[in-house]
Structure formats: C-alpha cells, structure tokens
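Note sheet for the following structure.
The values are calculated or read from the model by the stated rules, or taken from the named source; none is laboratory data. Just so you know, these numbers come straight off a predicted model, no measurement behind them. Please note: Cβ atoms are built from the backbone with ideal geometry, for glycine as well, and neighbour counts cover all protein chains shown.
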Amino acid sequence: MQKKIVLIGGPGTGKTTVLNSLISKNYFCMEEVSREVTLQAKEKGIDQLFLTEPLLFSKLLLEGREKQYLIAEQSKKEIVFFDRGIPDVHAYMNYFKTSYPNTFIEKSKKYKYDCIFHFSPWKEIHTTDNERYETFEQSVIIDEYLVKAYKDLGYKIINVPFGNVKERTDFILNSLSCEL
C-alpha cells in the first residue's frame, strides 16, 4: 500500500530543501505547485497572482495538487513525498480571510495523506525571493493556519526538529520506518 507523506509549514521553513534531499536519494517526490502557478501568471503579465486574484490562484493550486495526488497514485511507488498538500490551499485562504467554495474542504477530505511532517518557522533560514514574499512574522502566522487545517481534518502531525538538511531528512526517513 502506498504511503503519501506531506511536508507542511510556513514559507521559508526548509521543506523544499529537504524535498530536494529526498529526490537526491531517489524518492518519488511532488514539488511545490505554487511557484509554477506564480511563474505562469508572470508570463501572462500578472506579477503577484495570489495578491491580485487570490481565489483564481488558489483554484489553480487546488487543481495542481489534485493532479499531483492522482499522478502519485498512478505511479504505484511505495512512498511519495509532497511539498505541501491539498489542505494547504484552504489554510492559506483562511489566513487571508478570503471566501472559497466548499469544494476546497471536500477535496481535502477526499484526498487523504498517510503522514504529515511539520517544519516550524525558523528565523535563521527564512528568506524571501520573487515567488516567496512573506516576512518571517507572516510565515509564523501562516504556519498556525496550516497546522490548524490539518488538525481539523484529523491528521497527527510530526514536528521535524531544527538541524541541517541531512539531520532533517534522516529524521523523516527514520520516523517513516517506525510508521510503515
């Protein structure tokens, strides 16, 4: 049976760096969708789609994450890692106090994950760039919404301790060996 594992946490907490480490170890991984959506919007002349049309941006994210989930299922890989999951979409909408259709929650309930690893905000590694514009303080608040969204859906959350990339990657892999 396939295990679907999600890495969650506010922006700039090290999720993608650890995902890249897992990729280098030949694990099947689904990369973050929001950068792709943001870059596609920029190609169409929209600098920050999330800020100008948050509902459209979130619908595109939801579609992308649902597509990733289905690709993962079709892959028949034993373990699949996701850089963020479907519930992240409505968590962000809640953070921005933006209304959204009930389908966001319905899809979060329909597409279930097996294990959630949480990366806490970490000021020492937080950075911004053209696609990640949130300050550290915003990342802390977003993180609270993310944790709440997953807990509200009944997920048990495993906190990844601070450390270098190898230590964090090893923590996840060692935790999985206990879970599998």
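Quick look at the values:
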quantity: From the options Glu63, Glu53, Glu134, residue that is acidic (Asp, Glu), at pLDDT below 95 and buried (at least 16 other Cβ atoms within 10 Å of the Cβ); calculated: Glu134
quantity: Search result, residues across the range 58-73 that are among the hydrophobic types (A, V, I, L, M, F, W, C) and over 21 Å from Lys97 (Cα atoms); calculated: Leu70, Ile71, Ala72
quantity: Residue selected from the range 17-31 under the condition touching a strand residue (DSSP E or B) at 6+ places or on another chain (Cβ under 6 Å) and farther than 12 Å from Leu173 by Cβ, by the criterion surrounded by the most Cβ atoms within 10 Å (Cβ to Cβ); calculated: Cys29
quantity: Answer residue from the range 132-173, given it is of a type in the set (Ser, Thr, Tyr) and in a helix (DSSP H, G or I) and is farthest from the chain's Cα centre (by Cα) among those; calculated: Thr169
quantity: Residues of the range 142-178 that turn out to be over 16 Å from Val18 (Cβ atoms), in contact with a helix residue (DSSP H, G or I) (Cβ under 6 Å, 6 or more places away or on another chain) and among the β-branched types (Val, Ile, Thr), as a count; calculated: 1
quantity: Every residue from the range 115-125 that is among the aromatic types (Phe, Trp, Tyr), assigned to a strand (DSSP E or B) and surrounded by fewer than 23 Cβ atoms within 10 Å (Cβ to Cβ); calculated: Phe117
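Residue by residue, here is whether (1) over 23 Å from Gly154 (Cα atoms); (2) crowded, with 18+ Cβ neighbours inside 10 Å; (3) at pLDDT 90 or above; (4) not aliphatic (A, V, I, L, M) holds:
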residue	(1), (2), (3), (4)
Ile5	no, yes, yes, no
Lys15	no, yes, yes, yes
Val33	yes, yes, no, no
Val37	yes, yes, no, no
Phe57	yes, yes, no, yes
Glu73	no, no, yes, yes
Val89	no, yes, yes, no
Ser108	no, yes, yes, yes
